[in-house]
Amino acid sequence: MSKKAFITGITGQDGSYLAEFLLDRGYEVHGLIRRTSTVSTERVSHLLHHISVVDGDLTDQHSLTQAIQDIKPDEVYNLAAQSFIPTSFRQPVLTGEASALGVTRILEAVRIAKLDTKFYQASSSEMFGKAVEVPQSETTPFSPRSPYGVAKVYGHWITVNYREAYNLFAVSGILFNHESPRRGLTFITRKITMSVACLATGLKWVPQNEIGEPLVTADGKIAVGNLESKRDWGFAGDYVEAMWMMLQQKQPDDFVIGTGETHSVKEFIQTAFESAGLKNWEYHVTVDKRFYRPAEVDLLIADPAKANRKLGWKPKTSFKELVNMMVEHDIKFVKRQIEGNQK
């Protein structure tokens, strides 16, 4: 009999890759989709005939309780959150409702159902924030620098609490930055690769950024924030395998997932330009203070030794391969938009 998985945030980057991964392993996959006036299922459009969609919201206890009782999943993956950090500063209460209290609500749904369901919580490297040590491991103290990071700390500790108080098989994956061609345009990595794709195709089609401005100006300028910020960037498709591996263990435990390498925003830009065969990135990139965080996180780098040792997990995609993948995808995407406009 097939295992059942329930994924919150199934329409997001990680949710779509996880759904593919689980379907390939014969799972029956159910996904929570929040009702909005314009529901976006673009990332899972190719999977809609293979998954079951459930209406619900992390801010609504009843919908979560009902979903768990109806589906009776073997595994629950809580990937839903308000995850864009600049928005968390502008909407801290909403971020707390979804990314913090939302975790409690779905844990409560699992507890009330009294099933042998295994639970995965998507924790984040942003919990380390102003990190007190480098690299960061499972024992590194948390020091979040944004409402999003603070909310994730709550979600992490409430997961630990339910594991200890109710003997739930509940784990947290402390994932460092993971990107893909499915990343939203509001995030700096996809903003860079899409901007480079627009430049590489002659600026014949340009989308807007998160504040309603063209991603690239008519004279080829790309506005970014702190070029010196450093992150541990991996491929989301690799990281969802680690999520699954955590729920296949005999005992629940928490794991840091990352590459163990750090790269600056500047290096990401340089690599993206090289991937597209473009030169003189300095001419095209301008630093705009509007895109700085109120409280900056300068250096995050994972120590994934525990995951390597206990799970047998290691990333398969290098930094350069990740950037190349994203640039190649976005160039093809922009070309399709140009062709569509010409018809």
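The values are calculated or read from the model by the stated rules, or taken from the named source; none is laboratory data. If you're wondering where the values come from, they're calculated on a predicted model, not measured in any experiment. FYI the Cβ positions are ideal-geometry reconstructions off the backbone, even for glycines, and counts take in every protein chain you see.
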query: in contact with a strand residue (DSSP E or B) (Cβ under 6 Å, 6 or more places away or on another chain), within 25 Å of G237 (Cβ to Cβ) and outside any helix (DSSP H, G or I): does that describe G31?
result: yes
- prompt: Is there any pair with a first residue in the range 320-343 that is closer than 20 Å to H178 by Cβ and a second that is loosely packed, with under 15 Cβ neighbours inside 10 Å and polar (S, T, N, Q) whose Cβ atoms are under 6 Å apart and which are 6 or more apart or on different chains, and what are they?
  reply: none
statement: Of those in the range 162-179 that are under 21 Å from V150 (Cβ atoms) and assigned to a loop (DSSP other than H, G, I, E, B), the residue farthest from the chain's Cα centre (by Cα) is F176
statement: Here the residues within the range 104-135 that are touching a helix residue (DSSP H, G or I) at 6+ places or on another chain (Cβ under 7 Å) and in a loop (DSSP other than H, G, I, E, B) are T117, G129
The lone exception for G220 - which of (1) in contact with a Phe, Trp or Tyr (Cβ under 8 Å, 6 or more places away or on another chain); (2) at negative phi it fails: (2)
query: Are any residues in the range 48-103 surrounded by 19 or more Cβ atoms within 10 Å (Cβ to Cβ), part of a helix (DSSP H, G or I), at pLDDT below 95 and among the β-branched types (V, I, T), and if so, which ones?
result: I85, T95
task: Kindly indicate the residue of the range 269-293 that is within 21 Å of the chain's Cα centre (by Cα) and closer than 19 Å to I85 by Cα and also modelled with the lowest pLDDT among those meeting that condition.
output: R293
